[in-house]
Amino acid sequence: MLQLKPPMGWNSWNTFGNNINEAVIRETADVMISTGLRDAGYEYLVIDDDWSLRYRDANDRIVPNPEKFPNGMKAVADYVHSKGLKFGMYSCAGSMTCCGFPGSYQYEFIDAETFASWGVDYLKYDYCFKPAGEDGAKLYRRMGLALANCGRDIVFSACSWGADNTADWIKSTGAHLWRSTGDVLDFWESIKVNFKKQFALVNRNGLGCFNDMDMLVVGMKNQGNVGRGGCTPIEYRTHFTGWALFGSPLMIGCDIRKMDEDTVKTLMNPDVIAIDQDPACRQPFLLGGYGQDPFYPDEDRFIVARFLANGDIAIGAFNLTDGPSNMVFQLSLIGLDRFCCVDLEMKELWTGEETKTRDGQFVINNLAPHDCRLYRCRLVKK
Ligand code: GLA
């Protein structure tokens, strides 16, 4: 199967860690519908680590923990499907998952068959407990083949955190997305560090196998499994904007049963989601900053552009520093120098404000610390 857009959905890990069970999954499925998240594009509901017993059964099958999932996984999948959602699960390329449950190492084909029989549509595949001397590429290829031959379309979500030069071989494995970062935790510095690391990897992202910048911590507010102090609403918005502009999968990690207004507005902005899901999936490029021009000698301010399928341009300005900053960009850096007879009509996608470039440049005054702007720009004749 081909994956034509970065997947969108919800994953249990950030909030629930090992506290997942059937009731939580059913409630989450219900809330994905009642809040409008499904209609906004979030279609996968993924159960992460810690769902099985510690040992396989006599037939080498992984067994769902009956205390957490008393009706088995097929029943959970059926419920999720009955809501018009798709169902995701988790396993690992090593002998155990990161939490010490059975991994799929040397059981790839049997596990792929089990997942298919339960109605799984998406498999997140981790990288803990890889036996010494084993080659990561080989293990992901083996599971890639097992999934491609299991008789069901299953999105293969590789999660080797960029280790062992993942970017060099992941597209050979059948993976539809691959984790290009370590784990993002719920505090500003974690977002900032992981975001900036992506500049080196944007040329690896593309249609069919997307760079996965990890699950969103938007709206976690220091609650749950990866809560590490939390972020402000502005910081969550900047996080979401960066992930969308870089075309990452958008997997929500907060407890969606308890979203506040800021969280809903951030996660469900249709214009920003449309940038993430733009069908061309083009590579973003630097328009200024990130230590590459004299205006912004530091790496914490940058302006990034991405060409969209209909001829528009997405432009994001990010101020990750701790003070306010003016941001300037020149159209000539997109190739639109003064001999081109076009200006840009720009809509800022968080405020709806409409504006226009003048004299070949655009200035943002006093962009607040950790804040950003995201514009959808249309070319107009001067
Ligand atoms: C790794 C992954 C996380 C999560 C945990 C589960 O750390 O990167 O996303 O799946 O394992 O144990």
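Within the range 155-171, work out how many residues are out of contact with any Pro (no Cβ under 9 Å at 6 or more places or on another chain) and touching a residue at least 60 places away in the same chain (Cβ under 8 Å).
Adding up the residues that qualify gives 1.
Scanning the range 24-57 for residues that are charged (D, E, K, R) and within 16 Å of the ligand (Cβ to nearest atom), which turns out surrounded by the most Cβ atoms within 10 Å (Cβ to Cβ)?
Per the stated criteria, the residue is 48.
Can you confirm whether the range 163-176 contains a residue that is hydrophobic (A, V, I, L, M, F, W, C), surrounded by fewer than 24 Cβ atoms within 10 Å (Cβ to Cβ) and touching a Gly at 6+ places or on another chain (Cβ under 6 Å)?
No - not one qualifying residue is present in the range 163-176.
Which residue out of 310, 366 is out of contact with any helix residue (DSSP H, G or I) (no Cβ under 9 Å at 6 or more places or on another chain), open to solvent by 10 Å² or more (accessible area, probe 1.4 Å) and within 26 Å of residue 209 (Cα to Cα)?
Sole residue among the options that is out of contact with any helix residue (DSSP H, G or I) (no Cβ under 9 Å at 6 or more places or on another chain), open to solvent by 10 Å² or more (accessible area, probe 1.4 Å) and within 26 Å of residue 209 (Cα to Cα): 310.
Only one of (1) of a type in the set (S, T, N, Q); (2) within 16 Å of the ligand (Cβ to nearest atom); (3) out of contact with any Cys (no Cβ under 7 Å at 6 or more places or on another chain); (4) not in a strand (DSSP E or B) fails for residue 104. Which number is that?
Of (1) of a type in the set (S, T, N, Q); (2) within 16 Å of the ligand (Cβ to nearest atom); (3) out of contact with any Cys (no Cβ under 7 Å at 6 or more places or on another chain); (4) not in a strand (DSSP E or B), only one is false for residue 104: (3).
Please tell me if residue 218 is open to solvent by less than 10 Å² (accessible area, probe 1.4 Å) and touching an Asp or Glu at 6+ places or on another chain (Cβ under 6 Å).
Taking the combined requirement at face value, the residue does not satisfy it.
Name the residue, out of 65, 21, 11, that is within 16 Å of the ligand (Cβ to nearest atom) and either over 26 Å from residue 269 (Cβ atoms) or open to solvent by 50 Å² or more (accessible area, probe 1.4 Å) (or both).
65
Need the failing condition index for residue 139 against (1) within 16 Å of the ligand (Cβ to nearest atom); (2) under 20 Å from residue 50 (Cα atoms), just the number.
(2)
Given the options 182, 174, name the one that is part of a loop (DSSP other than H, G, I, E, B) and either more than 16 Å from the ligand (Cβ to nearest atom) or free of Cβ contacts under 8 Å to residues at least 12 places away in the same chain (or both).
174
For residues that are open to solvent by less than 40 Å² (accessible area, probe 1.4 Å) and of a type in the set (Ser, Thr, Tyr), tally how many sit in the range 68-109.
Count: 5.
A quick yes/no check of all residues on (1) among the aromatic types (Phe, Trp, Tyr); (2) under 19 Å from residue 209 (Cβ atoms):
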{"site": "55", "(1), (2)": "yes, no"}
{"site": "77", "(1), (2)": "no, no"}
{"site": "93", "(1), (2)": "no, yes"}
{"site": "111", "(1), (2)": "no, no"}
{"site": "114", "(1), (2)": "no, no"}
{"site": "119", "(1), (2)": "no, no"}
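Answer yes or no: is there a residue in the range 238-254 that is in contact with a His (Cβ under 7 Å, 6 or more places away or on another chain), open to solvent by less than 20 Å² (accessible area, probe 1.4 Å) and either in a helix (DSSP H, G or I) or not small (Gly, Ala, Ser) (or both).
Yes; the residues of the range 238-254 include at least one that is in contact with a His (Cβ under 7 Å, 6 or more places away or on another chain), open to solvent by less than 20 Å² (accessible area, probe 1.4 Å) and either in a helix (DSSP H, G or I) or not small (Gly, Ala, Ser) (or both).
Filter the range 195-214 for residues that are open to solvent by 10 Å² or more (accessible area, probe 1.4 Å), among the polar types (S, T, N, Q) and either within 23 Å of residue 44 (Cβ to Cβ) or within 16 Å of the ligand (Cβ to nearest atom) (or both) and give the result.
The answer is 205, and nothing else.
Only residues that are within 16 Å of the ligand (Cβ to nearest atom) and under 21 Å from the mean Cα position of the chain (by Cα): list them for the range 74-96, please.
88, 89, 90, 91, 92, 93
Starting from residues that are polar (S, T, N, Q) and touching a Lys or Arg at 6+ places or on another chain (Cβ under 8 Å), keep the ones in the range 264-279 and report whichever is most open to solvent (accessible area, probe 1.4 Å).
Within the range 264-279, the match that is most open to solvent (accessible area, probe 1.4 Å) is 277.
Residue-wise test of (1) at pLDDT 95 or above; (2) within 15 Å of the ligand (Cβ to nearest atom); (3) on the phi > 0 side of the Ramachandran plot.
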residue	(1), (2), (3)
111	yes, no, no
114	yes, no, no
122	yes, yes, no
129	yes, yes, yes
134	yes, no, no
150	yes, no, no
155	yes, no, no
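For the range 42-100, name all the residues that are β-branched (Val, Ile, Thr) and either at pLDDT below 95 or not in a loop (DSSP other than H, G, I, E, B) (or both).
46, 76, 80
Determine whether the range 257-268 contains at least one residue that is of a type in the set (A, V, I, L, M, F, W, C) and over 30 Å from residue 99 (Cα atoms).
There is at least one residue in the range 257-268 that is of a type in the set (A, V, I, L, M, F, W, C) and over 30 Å from residue 99 (Cα atoms).
The values are calculated or read from the model by the stated rules, or taken from the named source; none is laboratory data. No experiment lies behind these values; they were computed from the predicted model shown. As a convention, Cβ positions derive from the backbone with ideal geometry for all residues, glycine included, and neighbour counts pool all protein chains shown. Calculation scope for accessible area: heavy atoms of the full protein, side chains included, ligands and nucleic acids excluded. Shrake-Rupley method; radii C 1.70, N 1.55, O 1.52, S 1.80 Å.
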